[in-house]
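What follows is a short report on a single structure.
The values are calculated or read from the model by the stated rules, or taken from the named source; none is laboratory data. Here the structure is a predicted model, which is why all the values come from computation and not from measurement. As a convention, Cβ positions derive from the backbone with ideal geometry for all residues, glycine included, and neighbour counts pool all protein chains shown.
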Amino acid sequence: MKTNLYLLLFMAIAFLVANCEKSGDEPQPGNEPDSLPGKIVFQKVTSHTLKVATANSMHNSTSYGDAMIYTRPVWSDDGSRFAAFDLLNAAETGSSSVFALKIADTQNETHTSREIGSSTQIDLNGSPAWSPDGTTIAFLVAPYNKIIYLNTQNGDTVQTEFSDKISGDITALAWHPDGDIAINILFRHDFQNDNGIWLIEPFSTTLKEKIASVTEIYGIEFLDWNKAGSALLLSDSSYNDIYILITNTGVITPIPNLYGLAPCWSADGKYIMYTGISEHNGSALVPGLFVSDVNGSFEKLLITDAGYSDWH
């Protein structure tokens, strides 16, 4: 988890720059919308501060305290709250860090933190996911065949563990609007032909249905459903390609000319947002948030010095 949170973004940025520079094709100007819907939660990279702003006014934001560096904040389905990983205390020599899940109420502009374990107990992975009714948040822990479910009202947790026989590493999850959970699984040994995105029921360790095979996409760490539950966004952290999975066909299609991490949908399903490189500051690479459409016909920078995000 330390690698994921502290190094993942800039490790991937190196690949991102290489991909962008070697590609001769770029999104064309002139296709940008005049306005964008909804609101966005994101993390400022230099300050680690969580921010909420309307998509049309990203520099006019409300702050909700700090969070663990390079965590991905995630909206509840109704858009009233978001959750992000945080540290209750940083580790000192000979001690462990205590992880928390920060839950912010944007209507009342308040936030609370629920302790979820220490660094000696769990190793966080990926990003959290809300249940459709907002009562539960699920997230992955290592060994990566475990899912923890946190009750948002009282902070109680339930941990489920998939057997090694049917499951290898679970690298990402996303809660479907109808209630099932999509998980990306890298199977072990003789089961690698089963690698792909599967559906499970909450709190279950039984694989319910395979919705897509994933054999040539590596490093999937984020999944995001559209509001209709008909398509998933995913990105390849090895090459930073962005894909759309149409779930009723199982077809995964790359979005041309776009390179980034942690893509997410707009509420109306017309646009996607992702983390990319906004500028070169000497030898430093400055991440930022970009928006495009599902065809990659334009690319618009929303804000610089911004890491992972979510859109509602």
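In segment 45-67, the residue that is surrounded by the fewest Cβ atoms within 10 Å (Cβ to Cβ) out of those that are in a strand (DSSP E or B) and among the hydrophobic types (A, V, I, L, M, F, W, C) is 53. The criterion of at least 3 residues that are over 19 Å from the mean Cα position of the chain (by Cα) is met by the following strands (runs of 3 or more DSSP E) wholly inside segment 167-232: 209-213.
Could you identify the single residue in 85, 42, 99 that is aromatic (Phe, Trp, Tyr), surrounded by 16 or more Cβ atoms within 10 Å (Cβ to Cβ) and touching a helix residue (DSSP H, G or I) at 6+ places or on another chain (Cβ under 9 Å)?
Only one candidate passes the filter, namely 85.
Has segment 111-123 got any residue that is among the aliphatic types (A, V, I, L, M) and under 21 Å from residue 205 (Cα atoms)? Break it down into steps so the answer makes sense when it comes.
Initially, segment 111-123 is screened for residues among the aliphatic types (A, V, I, L, M), giving 116, 122.
Now restrict to residues that are under 21 Å from residue 205 (Cα atoms): 116, 122.
Yes, there is a match, as at least one residue in segment 111-123 is among the aliphatic types (A, V, I, L, M) and under 21 Å from residue 205 (Cα atoms).
In summary, residue 267 fulfils each of the numbered conditions (1) in a loop (DSSP other than H, G, I, E, B); (2) within 18 Å of the chain's Cα centre (by Cα); (3) within 24 Å of residue 171 (Cα to Cα) with the single exception of condition (3). From the list 113, 57, 96, 61, pick out the single residue that is in contact with a strand residue (DSSP E or B) (Cβ under 8 Å, 6 or more places away or on another chain) and under 23 Å from residue 261 (Cα atoms). Of 113, 57, 96, 61, the one residue that is in contact with a strand residue (DSSP E or B) (Cβ under 8 Å, 6 or more places away or on another chain) and under 23 Å from residue 261 (Cα atoms) is 61.
The set of residues from segment 234-260 being more than 17 Å from residue 300 (Cβ to Cβ) and part of a strand (DSSP E or B) comprises 234, 235, 241, 243, 244, 245, 246, 251, 252, 253, 254.
Please tell me if residue 166 is modelled with pLDDT under 90, more than 21 Å from residue 74 (Cβ to Cβ), surrounded by fewer than 21 Cβ atoms within 10 Å (Cβ to Cβ) and hydrophobic (A, V, I, L, M, F, W, C). When the stated conditions are applied, residue 166 passes them. If you go through segment 183-230 and keep only what is of a type in the set (D, E, K, R), out of contact with any strand residue (DSSP E or B) (no Cβ under 6 Å at 6 or more places or on another chain), surrounded by 13 or more Cβ atoms within 10 Å (Cβ to Cβ) and at pLDDT 85 or above, you end up with just 227. When the criteria are applied in full, residue 295 fails the requirement of being touching a residue at least 24 places away in the same chain (Cβ under 8 Å) and assigned to a strand (DSSP E or B).
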